[in-house]
Amino acid sequence: MQLSNRIDLKAPQEPHPAPLWLVAFTILLPTAFTMLATSATNVAIPHIAGFFGSTLDEANWVITSYMIANAILIPLTGWLENLMGRVNFLKVFITIFTIGSIICALAHSLNFLVIGRIIQGIGGGPMMPISQAILIAAFPFEKRGVAMALFGFAVMVFSILGPTFGGFIVDNSAWQWIYLINIPVGIFSVILVHCNVEELKERKPVQKTDTIGLIALVIWLLTMQIVLDKGQQYDWFDTDWICWLTGISASAFAFFIVWELECKNAIVNLRVFKDKNFFIGTILGSSVNMIIYVTIVLLPQFLQSLMGYTAMLSGFSLAPRVISCLVMLLFIGKMVEKIDNRILVSTGFVFLAVSTFMYADLNLSISYAYVVLPNILMGIGVILVFIPISALCLGTLPKSELSNGAGLHSLSKCVMTAFVVSMSSTLVARLSQVHQTYLVENMSNFNLIFQNRISHFASGFSNTMALNPAIHKAGALLYKQLLVQSKLMAYVDVFEIFALIAICLFPLAFFLNVDFKKNKKSA
C-alpha cells in the first residue's frame, strides 16, 4: 500500500496552467507598450526633426517606416505562429521590438532612427492580433467580455494615452526616453512569456513558404504607404511617380487577393471573410479606428498650430478620453454579457458621432475645458463599440483560424488608419485652400469692414513706422488672420465629415449575428 501511494518523481508531470489573470497580464504588457510607443512618437516628430536638423516631411518617415513594417507583419501572424510555436513566436517578436527600441534610443542620425523604427514595427506588428487570439482562446466563453475589456485597455487606452505620455516626455526630458522605457518592459515580458504562456496545441503543418504572396504583400503595402505619405507633398496625381506607384500598389493588391485565394499554402486565409460576423465586424472595427485616429491626429495639431499649445498640453487634451475609457472598462464586461451586443455597438457609434460633431464647434476662443466633454463622450463610444466588436468579429471563427482572423482584422485597421490619417491631413490642406479662396473676396477695397480694420491696424503701426509700411503690415496681419480662419474652417469640415460617417455606420451593427452566443452557452 505504501509503495502504491508513492509519487513517481521520474514520471513526466503535466504543466500546471497559469491563472487567467497572469496569462492576460503576460501578453497584454508588451502589447500595451507597442501601442504606447506608436502614438507617443507622433507628438515627438517636431522635436526629432529639430534634433537631427531635418524637415518635418523627412521626420515623418519615423512614423511611416514603423507602419509599413507593422502592416506587413500583421497578416503573417497566424502563419508565423504555426511555423514557430506560440511561445517562441512571442519571445522572438518581443525581443525584436526591444532591439528596435535600443537602436531608436541610440540613433545618431535620422536614417539610423528609421532603421530602428522598422525593426520595432517588425516586432510590434504581430502583438495586437496574437494577444487578441490568445485571450479569446484562453478565456471561457462566458468571460469573453472581460477578456475583450482587458484587450481594450491595452490597445485603446494606451493608444490614446500615447500623445499625453509623449508630450510629457519631450517637454520635460529627451525624446529618446519614449524608446528607452520599452527596454526593461521587453526583457520582463520575455521572462513572463517563458513562465506563463502555454504552447499552441492545434498547430497546422506548414508545408511550404508562400514567397510569391509575401512579395506581393510587401509591394502592395510599401507602395501604398509611400503614396499616402508623400501624396500631399507632391500634389498627388499631378506627379508621374505617384501615379506609377498607385498603379503598382493597386495591381499588387489585386494579385495578392487572387493568389492567396488560389494558393494551397497561402500565408493568410482570406476565405475567413466569408464569415458574416468577421466581415461586418472588420468594417466596423476599422471605422472605429478611423474616427479615433482622425481625432488623435487632428485635435493636437489644431491645438498646437492654431492655439499655441505645447506638445504636453495638446497631449493632455486627450486625457479625459483615457479616463472615460477606464471607467467604461469597469462595466463593459457585464454589459456585454447582459445586453444585446448590437445595441451596444450602435449606441457607441452614436456617441462617436455626437462627440465628433462637438469638435466641429471649435473656434479660436475656446478654453481647455471645452474639449473635455467631447473627449469623455468619445471614450465612452470607443469602448461601447470596440469591446463587443472584438468578441463578435472572431467569435464565430474556429480556434484554428483565430490567429489568422485576428491578423487580417488588425491589418484592415492598420491600412484604414494609414489611409485616413493621410486623407485627413490632405483634406485639411485642400479645404483650407477652398475657404481661403472664398474668404479672400472680403479683403477688397470695396469692403467697408475690411477698410475699417486695415485703417485701425495701420494707425496703430504708424506710431512706430511710416504710414505706407504701416498699411502693408496691417494688410499682412489681416491676411495671416485669414489663413488661420480658413484652416480653422477646414478642421471643422473634416470633423463634420467623420461625424456623418459614424452616423451612417451605426445601423450596420444590427446585421451582426449574436445567436451563436446562446448556442455556445447551452453547449
When (1) of a type in the set (Phe, Trp, Tyr); (2) out of contact with any His (no Cβ under 9 Å at 6 or more places or on another chain); (3) in contact (Cβ under 8 Å) with a residue 24 or more places away in the chain are applied to PHE278, the one that fails is (2)
Within the range 221-237, residues being buried (at least 19 other Cβ atoms within 10 Å of the Cβ), within 14 Å of VAL420 (Cα to Cα) and polar (S, T, N, Q) number 1
Every listed condition ((1) surrounded by fewer than 22 Cβ atoms within 10 Å (Cβ to Cβ); (2) among the hydroxyl-bearing types (Ser, Thr, Tyr); (3) closer than 18 Å to ASP493 by Cβ) holds for TYR309 save (3)
The correct count of residues that are under 22 Å from the mean Cα position of the chain (by Cα) and modelled with pLDDT of 80 or more in the range 217-238 is 10
Being out of contact with any helix residue (DSSP H, G or I) (no Cβ under 9 Å at 6 or more places or on another chain) and more than 16 Å from PHE495 (Cα to Cα) narrows ILE376, ILE383, ILE343, ILE366 down to just ILE366
Among the residues in the range 179-187, are any out of contact with any Cys (no Cβ under 9 Å at 6 or more places or on another chain) and crowded, with 19+ Cβ neighbours inside 10 Å? yes
Within the range 81-92, of all residues that are in contact with a helix residue (DSSP H, G or I) (Cβ under 6 Å, 6 or more places away or on another chain) and surrounded by fewer than 24 Cβ atoms within 10 Å (Cβ to Cβ), the one farthest from ALA137 (Cα to Cα) is LYS91
Turns out the helices (runs of 4 or more DSSP H) fully within the range 41-84 with at least 1 residues that are more than 15 Å from the chain's Cα centre (by Cα) and polar (S, T, N, Q) are 77-84
Within the range 44-71, of all residues that are over 26 Å from LYS413 (Cα atoms) and of a type in the set (Ser, Thr, Tyr), the one surrounded by the fewest Cβ atoms within 10 Å (Cβ to Cβ) is THR55
| said: Kindly evaluate LEU408 against the criterion of being within 17 Å of the chain's Cα centre (by Cα) and in contact (Cβ under 8 Å) with a residue 24 or more places away in the chain. | reply: yes
Residue count, the range 394-425, condition surrounded by fewer than 21 Cβ atoms within 10 Å (Cβ to Cβ), in contact with a Ser or Thr (Cβ under 9 Å, 6 or more places away or on another chain) and among the charged types (D, E, K, R), comes to 0
### Message
Going by what's in this entry, would TRP175 be described as farther than 23 Å from GLY123 by Cβ and at pLDDT 80 or above?
### Response
no
Taking the range 437-449 and keeping residues modelled with pLDDT of 75 or more and either hydroxyl-bearing (Ser, Thr, Tyr) or touching a His at 6+ places or on another chain (Cβ under 6 Å) (or both) leaves THR437, TYR438
Screening VAL434, VAL428 for residues that are within 29 Å of VAL288 (Cα to Cα), modelled with pLDDT of 80 or more and loosely packed, with under 15 Cβ neighbours inside 10 Å leaves only VAL434
In the set PHE357, PHE302, PHE349, PHE331, the lone residue that is outside any loop (DSSP other than H, G, I, E, B) and in contact with a Leu (Cβ under 6 Å, 6 or more places away or on another chain) is PHE349
Scanning the range 86-112 for residues that are within 22 Å of the chain's Cα centre (by Cα) and more than 16 Å from ILE181 (Cα to Cα) gives LEU90, PHE93
If we keep only residues of the range 360-377 that are in a helix (DSSP H, G or I) and free of Cβ contacts under 8 Å to residues at least 12 places away in the same chain, then the residue farthest from VAL484 (Cα to Cα) is ALA369
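The values are calculated or read from the model by the stated rules, or taken from the named source; none is laboratory data. These numbers come from a predicted model, not from an experiment. Because the Cβ atoms are built from the backbone with ideal geometry, glycine has one as well, and the counts that use them run over all protein chains shown.
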